[in-house]
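Chemist: This is the structure I have questions about; it appears just below.
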C-alpha cells in the first residue's frame, strides 16, 4: 500500500494542498460571515461590510477552484493506483504461470484484478480529502477555543470520541465484505468456466444444470451483499444522526451563552456555521474508514496473489530477464545441444533426433513432457548434458525448450501475431485499432506495414502444418482476425496453428503432446512428413500413439509403469512384436487400439 502513495507523491501533494485549502477556507467562511454580521449590527451597512462581503466572494471562488482542481487530481490518483494494481497482478500472473491456478481459481484472479484493485484505488483517492478534513477540524477547534474555551474543548474531544465509537462498526463490516468478496470470486470463477466450456455444455445438454448452479451462487452473493448493505446503512445513518445530535447540543450551549452575553450574535452565527461544517469532516472520516475496510480486503486479496512463487525458477530470474540482463554467456556451450535424461523414467532423449513416447497411460507421458520442459521444479529431475536442468536460468530454458500441449492456448488478434507470438507485431488487434481511431482520430493510429520476409516464414510454417483451411477461413490473409482464445477456429485448426507457432519459434528442443489428435488421417499424414523435414537435425520429443506419426520418427520409447521398457524404431518394434517379444507386443496393443484393430 505504501508504494501506491509514494509512487504518486507529486500528485498526492498537489491533491492534499488543494483539499486542505478548500476545507480550511470552508471552515473559515462562517467566521468571516459572523464578523460581517457583528459589523453590520454595530455600524450598519458601512464600507467594512462590503469589504468583508468581497472577502467572502474571494473565499468562495478559491474554494470552488481548489475543489475542482483537487478532485481532478484525485481521479488521476484513483485511476493510476487501480491500473498499477491491475498491472501488478497481471505481471505476477504472467511471471508465475501455472502456479497461480494451483492456488487460486480463474474467477478469483479476475475479481482481484478488477474489483479489488478499484477499492485500493478508491482509498488512495479519498486520502487527500481525509487530510483536508482533519485540517478543517483543527481550524474549527482552534477558532472555537479562541471564542469559548469550553465549547472548543467539547468539539476537540467530542468529535474524535464519537468517531471512534462509530468506527467500532467497521470491523464487522469488513468481515461481511470479506464474505461477499469470497462469494463474488466463486461466482466469477463459475461464470468464466461456464463461458469457456459453453460449446461442450451445449453438446452434452448441460446448460440448464450450469445455469442452475450460477443462479444458486448468485443468490449467495445477493444475500452476502444484503448483509453488507444492512450494516452499511446503519453506519450511513449514524453519520447523519451523531453529527445532528452533536450539533444540537453545541447550539443549545451556544444559545445559552449568547443569552448570557458571553457570545455576540455574529459569534453565535459563526458557531452555528462551524458546528454544521463539522458534519462534513465527520462524514468524510467515516467514509474513509469504510473505504479502508474495503481496500484492506482488496489489498489482502492482491497480496495473496502476488505472494505466490513460480513453480519453476524464481521471480528474481524472471525480472532479470525482463530487464534485459544477460542470463547465459553466449560463448559457453549450449547444454541443450546435448542429450536430455529423465531420472524418474530412465528415458534418454538423444540430441538431433525425433523421439516418440508411447504409453497406455496418457497422464504418464504428459507428466514426462512437463518434466522435460521444466514446468515444475519439484518434479523436473532432468539432466541436460549431465547438468540438472533446474540449475540453469529459467529464461534460458524457456528460450531453448518449447512444450505444446494437445489443447494449446492461443491469443486473439491478427493471425500473424497468433503464430509469431514471440515477436508480436505492433498492431495486432483490429477492433482495438478501430476504437482508438474513432476516439482519438486517424493520427493516433500508426500505419501498419507487414514484414514480407517474416510473413513468408509464417506462411511456410502454416503450410508445413497443412493450415491452408485456416487461411481460407480468414480471407486468405495473415491479417485475418482470430477471436479471443481462437474460439473462431476448430480444434484441429487450433492444433495446427499452435504447431506452426512452434515451428516458427524453432527451439533447440521441441516437445509436442498429441499434436494431431484433432485432425483427420490424411492431414495427419501430410503433417508427419513435413514435421520430420522441418525438425531434421533438431531434438524433438513427440508424445503420441498415432502410427502415422510414429512411422516418421527416429526412436520410439514405450513407457510402462513409469519406466522405459523397450526402445526402437516403429517398424523394428512391430517386427519384434510379430516375433513374440512381450514388450513389443504390448507396444503394438497400445498403438493399434488407436486404429481400432484387434489386439
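Derivation of every value follows stated rules applied to the coordinates shown; laboratory data play no part. Please read all numbers here as calculations on a predicted model, not as lab measurements. Note: ideal-geometry Cβ built from the backbone for every residue, glycine included; neighbour counts use all protein chains shown.
Chemist: Expressed in nm to one decimal, what extension gain is obtained for the pair residue 378 and residue 463 from 0.36 nm per residue of sequence separation less their Cα-Cα distance? If you can, show how the numbers build up before the last one.
Modeler: Working: separation 85, 0.36 × 85 = 30.60 nm, distance 3.84 nm.
Extra length available between residue 378 and residue 463 comes to 26.8 nm.
Chemist: Find how many whole Å separate the alpha carbon centroid of the stretch 391-423 from the alpha carbon centroid of the stretch 114-185.
Modeler: Comparing the Cα centres of the stretch 114-185 and the stretch 391-423, I get a distance of 50 Å.
Chemist: How big is the gap, in Å, between the Cα center of the stretch 256-295 and the Cα center of the stretch 81-96?
Modeler: Here the answer is 42 Å between Cα centres.
Chemist: Would you please give the FRET efficiency between residue 315 and residue 233, computed as 1/(1 + (r/R0)^6) with r the Cβ-Cβ distance and R0 = 41 Å, to the nearest 0.05?
Modeler: On the way: r = 43 Å, r/R0 = 1.06.
My answer for the efficiency is 0.40.
Chemist: Quickly work out the residue 252-to-residue 422 label distance, labels modelled 7 Å from Cα along the C-beta direction, and quote it in nm with one decimal.
Modeler: 8.0
Chemist: Please give the length that would be gained between residue 276 and residue 526 if that part of the chain were fully extended, namely 0.36 nm times their separation in residues minus their C-alpha to C-alpha distance (nm, one decimal).
Modeler: Gain on extension, residue 276 to residue 526, equals 81.7 nm.
Chemist: Along the Cα-to-Cβ line of residue 554, 7 Å from the Cα, sits a label point; which residues in the stretch 322-352 have backbone N less than 14 Å from it?
Modeler: 337-340, 348-352
Chemist: Ranked from highest to lowest mean number of other Cβ atoms within 10 Å per residue, what is the order of the peptides 477-485, 370-378?
Modeler: For the peptides 477-485, 370-378, the packing ranking is 370-378, 477-485.
Chemist: Can you give me the three principal axis dimensions of the stretch 2-306 from its C-alpha atoms, in Å, biggest first?
Modeler: Largest first, the stretch 2-306 extends 90, 37, 29 Å along its Cα principal axes.
Chemist: If you find the alpha carbon centre of the stretch 357-372 and of the stretch 440-508, how far apart are they in angstrom?
Modeler: The stretch 357-372 and the stretch 440-508 have Cα centres spaced 29 Å from each other.
Chemist: Return the FRET efficiency for the residue pair residue 583, residue 450: r is the Cβ-Cβ distance, R0 is 51 Å, and the value is rounded to the nearest 0.05.
Modeler: Approximately 0.45, to the nearest 0.05.
Chemist: In whole angstrom, and with the biggest value first, how far do the Cα coordinates of the stretch 81-189 range along each principal axis?
Modeler: If we take the Cα atoms of the stretch 81-189, the spans are 66, 27, 17 Å.
Chemist: Take every DSSP beta bridge whose two residues both sit in the chain, then give the antiparallel share in percent to the nearest 5.
Modeler: On the way: 15 of 33 bridges.
Antiparallel bridges: around 45 percent, rounded to the nearest 5.
Chemist: If we count other beta carbons within 10 Å of each Cβ, what is the order of 301, 171, fewest first?
Modeler: Numbers: 301 25, 171 9.
Ranked by crowding around the Cβ, least crowded first: 171, 301.
Chemist: With a point put 7 Å past each Cα toward its Cβ, work out how far residue 363 is from residue 438 in nm, to one decimal.
Modeler: About 4.8 nm separates the two model spin labels.
Chemist: Just order 553-561, 329-337 by mean Cβ neighbour count inside 10 Å, highest at the front, would you?
Modeler: On the way: 553-561: 20.2, 329-337: 11.6.
The densest-packed peptide leads the list: 553-561, 329-337.
Chemist: Could you put 534, 416, 589, 307 in order, starting from the residue whose Cβ has the fewest other Cβ atoms within 10 Å?
Modeler: By the 10 Å Cβ count, ascending: 307, 589, 534, 416.
Chemist: Compute the distance in nm between two label points, each set 7 Å from the Cα along the Cα-to-Cβ direction, one at residue 536 and one at residue 344.
Modeler: Roughly 3.5 nm, to one decimal.
Chemist: Specify which labelled value, from (1) 29.0; (2) 46.2; (3) 37.1, agrees with mean projected area of the Cα convex hull in nm² derived from the coordinates of the model shown.
Modeler: Correct label, based on the coordinates given: (3).
Chemist: I've got another one for you. Kirkwood hydrodynamic radius, computed over distinct alpha-carbon pairs, for the stretch 411-488: how many Å, to one decimal?
Modeler: Values: mean 1/r = 0.0756 Å⁻¹.
Value: 13.2 Å, from the Cα pair sum.
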